[in-house]
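So the structure is just underneath, and the comments pick up after that.
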Amino acid sequence: MTPLPEIHLGQLLRTGQDAHAEGEVTELRYGQGGEQLLSFAEPAPYRVDINSVGGDDFYLQGYFRPTLQSECARCLRDVEVPLDLKLGMLMRFDPNVEVPYIEEAESGEELLMFGETRLDLSAFLAETALVSLPLVVLHDPDCKGLCQVCGQDLNEGTCEHMAAVPVENEHDLPHPAQADSPFAALRDLDLPDDDSDPDSSVKS
């Protein structure tokens, strides 16, 4: 089992001496009771330094470099997403806090509240990694996705459904601005040339 990413703050709270922790994790358990599990594709290194900024307030800084396992938004292939995260957060000690949590400070910044001298960083690191994961992950920028009918991976070849879809010549398609124009219907009208005699169609 992966050791917990813990940092001991007893010396920091008593004397103001900086606290330090570093290591690697392959998974993080977080959430109430640690019921959620975040696994990494390879050991993720981290380093955390905490120093006093006055009174019961402290500042956490360091780095976390996890490789998250996700899936391509188009073809659903497994994708490894490496992240290089810079850590930085205000902290405040309150002996009444049983479980560390994050709230908004008076300055508007996020504030990590804690009440134990041994601080488990699992939830903090897991949340930092998850909120940093891109909303859309692609295994390749040119991924063609899946056929919406049969599920064929179009990166590996076309299927009968895709072959049956006619491909229009892009030069035959109207410009989007022209297609939406209220004058688009006038394009096909057979109008007289500008230099024609305006009276030529009037019979005497």
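The values are calculated or read from the model by the stated rules, or taken from the named source; none is laboratory data. These numbers come from a predicted model, not from an experiment. Virtual Cβ from ideal backbone geometry, glycine too; neighbours counted across all protein chains shown.
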Being in contact (Cβ under 8 Å) with a residue 60 or more places away in the chain, in a loop (DSSP other than H, G, I, E, B) and in contact with a Leu (Cβ under 7 Å, 6 or more places away or on another chain) is the filter here, so list the residues in region 123-150 that pass it. L133, K144, G145
Subset of region 66-122, residues within 19 Å of the chain's Cα centre (by Cα), among the small types (G, A, S) and not in a strand (DSSP E or B), comes to A73
Selection count where residues are within 18 Å of A129 (Cβ to Cβ) and surrounded by 14 or more Cβ atoms within 10 Å (Cβ to Cβ), scope region 72-101: 7
For residues that are over 27 Å from the mean Cα position of the chain (by Cα), of a type outside the set (F, W, Y) and part of a strand (DSSP E or B), scanning just region 51-65, find the one that is nearest to V25 (Cα to Cα). N51
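Scanning for something without any contact (Cβ under 8 Å) to a residue 60 or more places away in the chain and part of a strand (DSSP E or B), does region 5-20 turn up at least one residue?
Of all residues in region 5-20, those without any contact (Cβ under 8 Å) to a residue 60 or more places away in the chain come to 11-12, 14-20.
If we keep only those that are part of a strand (DSSP E or B) as well, we get 19-20.
Yes, the conditions are met somewhere in region 5-20.
Check D153, D120 and return the single one that is in contact (Cβ under 8 Å) with a residue 60 or more places away in the chain, touching a Lys or Arg at 6+ places or on another chain (Cβ under 9 Å) and surrounded by 12 or more Cβ atoms within 10 Å (Cβ to Cβ).
Numbers: D120 fails: touching a Lys or Arg at 6+ places or on another chain (Cβ under 9 Å).
None of the others qualify; the one that does is D153.
Charged (D, E, K, R), out of contact with any Asp or Glu (no Cβ under 7 Å at 6 or more places or on another chain) and at pLDDT below 95: is that true of E106 in this structure? Before the answer, list the steps.
Values: charged (D, E, K, R): yes; out of contact with any Asp or Glu (no Cβ under 7 Å at 6 or more places or on another chain): yes; at pLDDT below 95: yes.
Against the criterion (charged (D, E, K, R), out of contact with any Asp or Glu (no Cβ under 7 Å at 6 or more places or on another chain) and at pLDDT below 95), E106 qualifies.
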Of these, L37, L60, L13, L28, which one is hydrophobic (A, V, I, L, M, F, W, C) and surrounded by fewer than 15 Cβ atoms within 10 Å (Cβ to Cβ)? L37
Would you mind stating whether V136 is within 24 Å of the chain's Cα centre (by Cα) and among the β-branched types (V, I, T)? yes
